[in-house]
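Read the structure below first, then the notes.
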Amino acid sequence: MTMLLDVALRSSAPILAALLACVLLRRRSAALRHSVLAAAVVAAAAMVPLSIALPSWEVRVPDAPFLSSVVEPGDADPLAPQVTSETPQATSETTSGGVTVVTATAASPNAGATAMERVFLVWMLGVAIGATLLLLAVARLVRMTRQAEALVDGRWRRLADDIAVRYHVRRPIVLLATRVPGVLATWGLLKPRVLLPAHARGWSSGRARAALSHELAHIRRCDWPVQVAADVLRV
């Protein structure tokens with residue numbers, strides 16, 4: 001649990017710094033603010049594997065030994081720490097000779113451990129829910145891609161190739177006409193895929209160019225891997 005908290009705090013630092021930087025850069029271009037946030041997301045997501053892979057440096061403070069002392073009547077040292085029978089961790093016993101033996105023991109860690117275990121269970125429940133939602137979203141993209149029809153020629157292909165040249169995008173762009181009416185999305189890194197809605201074939205040339213310009217701008221900036229990194233970071 002301590003490691004999870006440490007990783008959470010460390011990964012939050014670059015995000016907070018980037019948000020503060022975006023406030024200071026609010027009069028600069030949106031592309032610059034996007035680059036700052038993207039770099040922060042990638043850095044924060046890298047905290048988890050780096051924290052596991054890199055060696056750690058821990059400074060351990062030795063635990064205080066249990067206290068056991070014999071107190072004679074009237075011999076109490078005013079400068080010594082006082083441990084009384086009212087302290088929850090202290091026990092005292094008076095012998096027949098009038099000698100009081102005071103023993104201080106460490107508090108039981110069971111209560112704290114139980115609370116931390118509950119926090120850990122809630123934490124892992126959130127991880128499981130977030131990871132499940134992320135996997136379902138990826139599975140939906142894969143299913144739509146498999147069911148879609150590839151546009152290998154025609155007007156859409158010519159527009160995509162023309163925009164890719166102007167945007168200096170050298171990766172192969174796959175155009176897919178899906179069966180879903182309301183989807184317009186881009187995903188993939190080495191071989192990006194542009195998912196078009198079912199009625200996209202009826203769009204005008206101007207609307208088709210605007211839609212492809214928007215999606216290829218995402219491809220040029222590598223927005224999809226940044227979004228995946230942000231989702232993994234949130235999980």
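The values are calculated or read from the model by the stated rules, or taken from the named source; none is laboratory data. Treat the numbers as computed from the prediction; the structure is a model and nothing was measured. Don't worry about glycine lacking a Cβ; one is built from the backbone with ideal geometry, like all the others, and counts go over all protein chains shown. Note: areas computed on protein heavy atoms with side chains; ligands, DNA, RNA excluded. Shrake-Rupley method; radii C 1.70, N 1.55, O 1.52, S 1.80 Å.
A compact table of results
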read-out: Surface accessible to a 1.4 Å probe, THR132 within the full protein complex, Å²; value: 70
read-out: Separation between Cα centres of segment 114-168 and segment 1-31, rounded to whole Å; value: 24
read-out: Point-to-point label distance, ALA46-ARG143, nm (Cα→Cβ direction, 7 Å offset); value: 3.6
read-out: At q = 0.18, 0.27 Å⁻¹, base-10 log of I(q)/I(0) for segment 136-212 (Debye sum, equal scatterers on each alpha carbon); value: -0.71, -1.46
read-out: Probe 1.4 Å - accessible area at HIS199, Å² to nearest ten; value: 90
read-out: Largest-first ellipsoid semi-axes for segment 143-184, taking √(5λ) over the Cα gyration tensor eigenvalues, angstrom; value: 21, 11, 9
read-out: Dipole of segment 107-235, positive direction: furthest Cα of VAL232, PRO181, THR114, with charges on the beta-carbon; value: PRO181
read-out: ALA17/ARG166 FRET efficiency (R0 45 Å; Cβ-Cβ; nearest 0.05); value: 0.85
read-out: Segment 111-152: Cα Rg divided by the 2.2 N^0.38 Å rule of thumb; value: 2.05
